[in-house]
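J.: What follows is a single structure, and I will ask about it in a moment.
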Amino acid sequence: MTRHADIASMLLARAGDTHPGLRTREQSWTWDQVVSCSAARAALASSRKQTGTPFHIGVLLDNVSEFVFWLGAGALAGATVVGLNPTRGAHDLAADIRHADCAMIVTDAAGADRLRTLDHGVDAENIWCIDDARYQLDVDEHRGAAAVAAPGVDAATLLLLLFTSGTTGTSKAVRCTQGRLARIAYTATEKFGHHRGDVDYCCMPLFHGNALMALWAPALANGATVCLTPSFSASGFLPDVRFFGATFFTYVGKALAYLLATPEQPDDADNTLQRGFGTEASPEDQKQFRRRFGAELFEGYGSSEGGAVAAPDPQAPSGALGRPAHDDVVVIDPDTLQPCAPALLDHTGRVCNADEAIGEIVDRRGARDFEGYYRNDAAEAERTRNGWYWSGDLGYIDTDGFLYFAGRRGDWIRVDGENISALTIERVLRRHRDVIAAAVYGVPDPRSGDQVMAAVEVADPGAFDVEGFAQFLGEHEDLGAKGAPRLLRVSADLPVTGSNKVLKRDLQAQRWHTDDPVYRWAGRGRPEYRAMSAADRDALDSEFATHGRERHV
């Protein structure tokens, strides 16, 4: 494979290529046509470029062909594409647009209607609606534009601003140059076997690093076919795979859980899928997917900010990420800046020495690969303390040298002086046959410290067997003595980010103040849950005042 230093060169290498490059259910484009469509939009954007203003193009679209064309347009024009999340609230969406200095926005009719009501700072004439005849005329005016890269475009040209998912805090705009994305494409090819014959089903949103880094860029590098669905649909997944003849897809854990919650059919394995790549799926869900759909899954670890910290190892135990990618990937105690002790695991895989073994995953070489946050120097400095790359994620390394992900920094809950892993509890909850998704988080205890609260998503909260669920928890030794949630929220629709990650910070802020049913276990021994009434919730609030902890309510 010829390696290109930047995405523009990678795209231009597809000129004249008649292999299918892009498909939707309605239409198909060869790679040569993708290049031409991208060139026309690059010329359009360049004609509207304003002197003294960042050449940043916001894209507020579902996974439609225009999104792919504008990715190519940005690469050729030397512009920066800002993926805007359609699921963001009005205030947050406007703030994202302003923070990223968008000079132009490409959207559809629904997006244009939203933008009219927002204070985002972009002139109306620079908001292009792909459903509008005016937009089509503008594109047609530049059809046939030469497929060339603008002067000065190279590996250092900023191509993407990727807003982090913001599951536990405020979103930040991650910088990604053309060179970095090209390197990621070739690395992914080597690790996951991408090739020209692949048919890549893109069901994760194109405004997120998952789809761009793990699917679109490798497909471009290899000349494979990208197949789009506007958004992820559990019921539409297998029909789409069969329609396109898909061989590869990407996922996140909750999307996989939704898929597995669909009724199993005897012919589920009758499909063309060969493999998938994703993050945060439980070992049980991975095993179930492989059995049911007959395709391999590569569960990885990574972020929009930094590269991979783990190298796959076929000998890795269930739940391990693999081995550290190199000697400078370590688990660090943030207080001492020293590597943590090896984790001692019991027969269930639970960490016996959590206080000594669990720390933050750090790449002591990785700061050079992190390209920073846009207009957020404080967050950038926090990420690169001591010249190292701090992942923001917790992990541990066992005595055999295998690396494990232990959750986000906020995913460890201090209960009765003991650290409790939210991630470990979530993995147990997801084993229950009725649970589609689960989130575990700490909420204040009326007397001291925190207590464990869980939110589970089920098809019918009213029919959920809470007593049976409590019995199920008591049967799992790896839950630990303090792992059973004290508070249980049962929902038909947990709040999620645009990339289908549960918004724990929203759940944590709401606590037991929600219209969803909430159950409380206040005793000892095996969990026994009782439904909380409005009076019960008020009474729990009043307990904080009784114990002098009003500020925690």
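J.: Among 400, 434, 460, 465, which is the only one that is closer than 22 Å to residue 259 by Cβ and surrounded by fewer than 17 Cβ atoms within 10 Å (Cβ to Cβ)?
T.: None of the others qualify; the one that does is 460.
Table: residues versus (1) farther than 30 Å from residue 87 by Cα; (2) in contact (Cβ under 8 Å) with a residue 24 or more places away in the chain.
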position	(1), (2)
480	yes, yes
486	yes, yes
498	no, yes
510	no, no
513	no, yes
524	yes, no
530	yes, no
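J.: Taking residue 375, is it of a type in the set (Lys, Arg), on the phi > 0 side of the Ramachandran plot and touching a strand residue (DSSP E or B) at 6+ places or on another chain (Cβ under 9 Å)?
T.: Spelling it out, residue 375 is indeed of a type in the set (Lys, Arg), on the phi > 0 side of the Ramachandran plot and touching a strand residue (DSSP E or B) at 6+ places or on another chain (Cβ under 9 Å).
J.: Follow-up. When you go through 364, 383, 375 one by one, which is the residue that is touching a His at 6+ places or on another chain (Cβ under 7 Å) and either among the hydrophobic types (A, V, I, L, M, F, W, C) or farther than 30 Å from residue 479 by Cα (or both)?
T.: Of 364, 383, 375, the one residue that is touching a His at 6+ places or on another chain (Cβ under 7 Å) and either among the hydrophobic types (A, V, I, L, M, F, W, C) or farther than 30 Å from residue 479 by Cα (or both) is 375.
J.: Could you grab me the full set of residues in region 341-353 that are crowded, with 21+ Cβ neighbours inside 10 Å and either modelled with pLDDT of 95 or more or at positive phi (or both)?
T.: 343
J.: Which of the residues spanning region 235-290 are more than 20 Å from residue 404 (Cβ to Cβ), of a type in the set (S, T, N, Q) and in a helix (DSSP H, G or I)?
T.: 235, 288
J.: Still on this structure: Restrict the check to region 193-201 and report whether at least one residue is among the β-branched types (Val, Ile, Thr) and surrounded by fewer than 24 Cβ atoms within 10 Å (Cβ to Cβ).
T.: Within region 193-201, one or more residues are among the β-branched types (Val, Ile, Thr) and surrounded by fewer than 24 Cβ atoms within 10 Å (Cβ to Cβ).
J.: So which of 179, 236, 197 ends up being in the same structural domain as residue 63 (by TED's automatic domain parsing) and modelled with pLDDT of 95 or more?
T.: Only one candidate passes the filter, namely 179.
Residue-wise test of (1) in contact with a Pro (Cβ under 8 Å, 6 or more places away or on another chain); (2) in contact (Cβ under 8 Å) with a residue 12 or more places away in the chain; (3) surrounded by fewer than 22 Cβ atoms within 10 Å (Cβ to Cβ).
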position: 70; (1), (2), (3): no, yes, no
position: 85; (1), (2), (3): yes, yes, yes
position: 92; (1), (2), (3): no, yes, yes
position: 98; (1), (2), (3): no, yes, yes
position: 102; (1), (2), (3): no, yes, no
position: 106; (1), (2), (3): no, yes, no
position: 123; (1), (2), (3): no, no, yes
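Listed here are the residues, each with its yes/no results for (1) surrounded by fewer than 19 Cβ atoms within 10 Å (Cβ to Cβ); (2) modelled with pLDDT of 85 or more; (3) in contact with a strand residue (DSSP E or B) (Cβ under 8 Å, 6 or more places away or on another chain); (4) assigned to a loop (DSSP other than H, G, I, E, B).
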site: 447; (1), (2), (3), (4): yes, no, no, yes
site: 499; (1), (2), (3), (4): no, no, yes, yes
site: 506; (1), (2), (3), (4): yes, yes, no, no
site: 513; (1), (2), (3), (4): yes, yes, no, yes
site: 544; (1), (2), (3), (4): yes, no, yes, no
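J.: Continuing with this model, one more query. Among the residues that make up region 294-301, is at least one of them part of a loop (DSSP other than H, G, I, E, B), under 20 Å from the mean Cα position of the chain (by Cα), farther than 25 Å from residue 438 by Cβ and not small (Gly, Ala, Ser)?
T.: Checked against the condition, which is being part of a loop (DSSP other than H, G, I, E, B), under 20 Å from the mean Cα position of the chain (by Cα), farther than 25 Å from residue 438 by Cβ and not small (Gly, Ala, Ser), region 294-301 yields no hits at all.
J.: Which is among the aliphatic types (A, V, I, L, M) and over 22 Å from residue 226 (Cα atoms), of 137, 76, 71, 84?
T.: Residue meeting the stated conditions: 137.
The values are calculated or read from the model by the stated rules, or taken from the named source; none is laboratory data. Only a predicted model underlies this, so the values are computations on that prediction, with no experimental measurement involved. Backbone-built Cβ (ideal geometry, glycine too); neighbour counts: all protein chains shown.
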